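First up is the structure itself, then whatever we jot down about it.
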Amino acid sequence: MCGIWALFGSDECLSVQCLSAMKIAHRGPDAFRFENVNGFTNCCFGFHRLAVVDQLYGMQPIRVKKFPYLWLCYNGEIYNFKQLQKQFGFDYQTLVDGEVILHLYNRGGIEQTASMLDGVFAFILLDTANRKVFLARDTYGVRPLFKVLTDDGFLGVCSEAKGLINLKHSTSLCSKVEPFLPGHYEVLDLKPSGKVASVELVKFHSCKDEPLHVTCDTVEALPSAGFDLETVKSNIRILFENAVRKRLMAHRRIGCLLSGGLDSSLVAAVLLKLMKEININYPLQTFAIGMENSPDLLAARKVAAHIGSEHHEVILNTEEGIQAIEEVIFSLETYDITTIRASIGMYLVSKYIRKKTDSVVIFSGEGSDELTQGYIYFHKAPSPEEAAEESERLLKELYLFDVLRADRTTAAHGLELRVPFLDHRFTSYYLSLPAELRIPKNGIEKYLLRLSFEDSNLLPKEILWRPKEAFSDGIASVKKSWFSILQDYIDQQVDDLLLEKAAEKYPFNPPKTKESYYYRQIFEKHYSGRSSWLPHYWMPRWVKATDPSARTLKHYKSATQE
């Protein structure tokens, strides 16, 4: 996890512009480099480094003797860089996994490069010999990327929007900063003046498609095909274990977030099992956050005892959570209600990890709810086909919601997140299964995933079959949800009259509640006029919901009242 930043065709002094690069310093606390491009005095790269692999030669932009005309700034991890080296005979100069991007590009161009990378990434690749700039981002946008491109060809690129919004330019002070779409690459021509012109934006991978890099995966072919239940369960276990195994690539200590829900518990259990297999000689640290005796803390404690991790509990108090709201919204760059609620706990547990431990590479369970139909409202899906469509929609929008939350809350404290549920191979296989197999069954969401691990003894049965609990709710008590606590506080901060006139003040995505108004005010204070970064609020489907919390849904109430 790093922070990348680049400018092409700047009219302003670069020493002034580079102050914007310092806005993302939290993403790379180990080192910083600012480098001009030879022959283009108005083009430069900025890089904040979190050293996870090759601590000696990992600084960026990466340049190697073999390709002196290529400059690469990337944020991410390429898990199959050794397999690609073996398959194509690449001669690496460093131990940095990202170096493979240069070799792939030289061998087959940008399309093959983006398609063959098994991992999470956002990169800027400059080819001065052919006068091209390339931008690319992984399938689910696990690693963030923003860009601004003016009419006269000034390009700014950054891991977070906050590194671009204050850039100075002769034609415009406030050009449109926007997220770069996941699963896409863009080709831009570089003019002699240093300015650029966009040539094409190409989608190189969809979540349903089996990735091209499957030919150089650690599990090449599944032992059996077909959709009979035993085969499917076996394949799910094989691919999920493979997803965790490939993410063990690190020279820094590995830890795991553990809420006690199914997803993080599965990740932690498989992770610890594999760490033992490859003889990692330190205990796995697991981390839970919640109020005293909250459902998450109690469940996480049970999982940690079962798997034998070194478990840490962070006790959340109401005042601390409320005080963190503004810095959380500044980190997130969003005003989405459920994203902010869930981010407060994750932000504070990440803060604890950074201050109190030496774990840096943090595993987490993001992506499972979207992939395996884990949200409570999936029980209300009109048909398996519509549930499958909704699952794909949620995966495509992850970069706006859960993946955004997970990246920003951990990156704010210089941690690197790893999310095995969003492994390209695992997700494409799961989405290829018949829609009927993937829906909730017997009143239980994620039924197929739970069933696949039932005989593995990885988790206690009561955890494996624990009903879905939203992270923002599970950290509080059963009697009073975290969202209720937030609403009680905010109710005193926002006047009724302000809410009545909310649609006039904020015509795009107008706030409907005092809570959403409060978040919007803070967002506009830091990112005025940028409300289009959030196309719509996250909200359950097929139910008449006015609040995104699962605890407001009838299914949840009936489950907890039994």
Looking at (1) at pLDDT below 95; (2) over 23 Å from the mean Cα position of the chain (by Cα), can you tell me which one L459 breaks? (1)
Could you please tell me which pairs satisfy a Cβ distance under 8 Å, a separation of 6+ or placement on different chains, a first residue in segment 203-228 that is assigned to a loop (DSSP other than H, G, I, E, B) and at pLDDT below 85, and a second residue that is of a type in the set (V, I, T) and surrounded by 13 or more Cβ atoms within 10 Å (Cβ to Cβ)? V219/I238; E220/V214; L222/I238; P223/I238; S224/T231; A225/T231
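Look at F47 and say whether it is closer than 30 Å to E397 by Cβ, modelled with pLDDT under 95 and open to solvent by less than 10 Å² (accessible area, probe 1.4 Å).
yes
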Do any residues in segment 102-126 that are farther than 19 Å from T215 by Cα and at pLDDT 95 or above have Cβ atoms under 6 Å from those of residues that are polar (S, T, N, Q) and assigned to a strand (DSSP E or B), where the two are at least six apart or on different chains, and which pairs are they? A122/N75
Considering only strands (runs of 3 or more DSSP E) fully contained in segment 32-102, which possess at least 1 residues that are of a type in the set (F, W, Y) and touching a helix residue (DSSP H, G or I) at 6+ places or on another chain (Cβ under 7 Å)? 67-78
In the list E320, E313, which residue meets the criterion of being farther than 28 Å from I522 by Cα, under 25 Å from the mean Cα position of the chain (by Cα) and open to solvent by 20 Å² or more (accessible area, probe 1.4 Å)? E313
Looking at P283, P295, which is the one that is open to solvent by 50 Å² or more (accessible area, probe 1.4 Å) and either assigned by the TED database to the domain that holds G414 or modelled with pLDDT under 95 (or both)? P283
May I ask you to say which residue of T334, T318 is among the β-branched types (V, I, T) and either modelled with pLDDT under 95 or farther than 19 Å from I490 by Cβ (or both)? T318
Take segment 128-166 and flag every residue that is open to solvent by less than 10 Å² (accessible area, probe 1.4 Å), more than 19 Å from D407 (Cα to Cα) and in contact (Cβ under 8 Å) with a residue 60 or more places away in the chain. V133, G153, F154, L155, G156
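One line per residue, one yes/no per condition, for (1) under 27 Å from K208 (Cα atoms); (2) crowded, with 19+ Cβ neighbours inside 10 Å; (3) in contact with a Cys (Cβ under 7 Å, 6 or more places away or on another chain):
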{"position": "L417", "(1), (2), (3)": "yes, yes, no"}
{"position": "L433", "(1), (2), (3)": "yes, no, no"}
{"position": "E454", "(1), (2), (3)": "yes, no, no"}
{"position": "L459", "(1), (2), (3)": "no, yes, no"}
Please go through segment 241-272 and give me each residue that is within 21 Å of R450 (Cβ to Cβ), modelled with pLDDT of 95 or more and in contact with an Asp or Glu (Cβ under 8 Å, 6 or more places away or on another chain), ordered by number. N242, A243, D263, V270
Every residue in segment 307-351 that is of a type in the set (S, T, Y) and either assigned to a helix (DSSP H, G or I) or under 16 Å from S484 (Cα atoms) (or both), please. T318, S331, T338, T339, S343, Y347, S350
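The rows are residues; the columns are (1) open to solvent by less than 30 Å² (accessible area, probe 1.4 Å); (2) touching a helix residue (DSSP H, G or I) at 6+ places or on another chain (Cβ under 9 Å); (3) modelled with pLDDT under 95; (4) assigned to a helix (DSSP H, G or I).
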{"site": "K355", "(1), (2), (3), (4)": "no, no, no, yes"}
{"site": "E366", "(1), (2), (3), (4)": "yes, yes, no, no"}
{"site": "S391", "(1), (2), (3), (4)": "yes, yes, no, yes"}
{"site": "L394", "(1), (2), (3), (4)": "yes, yes, no, yes"}
Just the residues that are out of contact with any helix residue (DSSP H, G or I) (no Cβ under 8 Å at 6 or more places or on another chain) and small (G, A, S), please, taken from segment 197-225. A197, S198, S206, A221
For segment 167-195, give me the residue count where each residue is surrounded by fewer than 22 Cβ atoms within 10 Å (Cβ to Cβ), among the hydrophobic types (A, V, I, L, M, F, W, C) and in contact (Cβ under 8 Å) with a residue 12 or more places away in the chain. 4
Counted residues in segment 84-101 being open to solvent by less than 10 Å² (accessible area, probe 1.4 Å) and without any contact (Cβ under 8 Å) to a residue 24 or more places away in the chain come to 1
Any residue that is open to solvent by less than 40 Å² (accessible area, probe 1.4 Å), touching a strand residue (DSSP E or B) at 6+ places or on another chain (Cβ under 6 Å) and acidic (D, E) - is there at least one of those in segment 63-83? yes
I'm checking my understanding of the structure. Among residues of segment 274-304 that are in contact with a Cys (Cβ under 8 Å, 6 or more places away or on another chain) and either free of Cβ contacts under 8 Å to residues at least 40 places away in the same chain or outside any strand (DSSP E or B) (or both), which one is nearest to K461 (Cα to Cα)? T286
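The values are calculated or read from the model by the stated rules, or taken from the named source; none is laboratory data. Worth saying up front: this structure is predicted, and the values here are computed from it rather than measured. Cβ: placed from backbone, ideal geometry, glycine included. Neighbour counts: every protein chain shown. Protein only, heavy atoms only, side chains kept; ligands, DNA and RNA dropped before computing areas. Shrake-Rupley method; radii C 1.70, N 1.55, O 1.52, S 1.80 Å.
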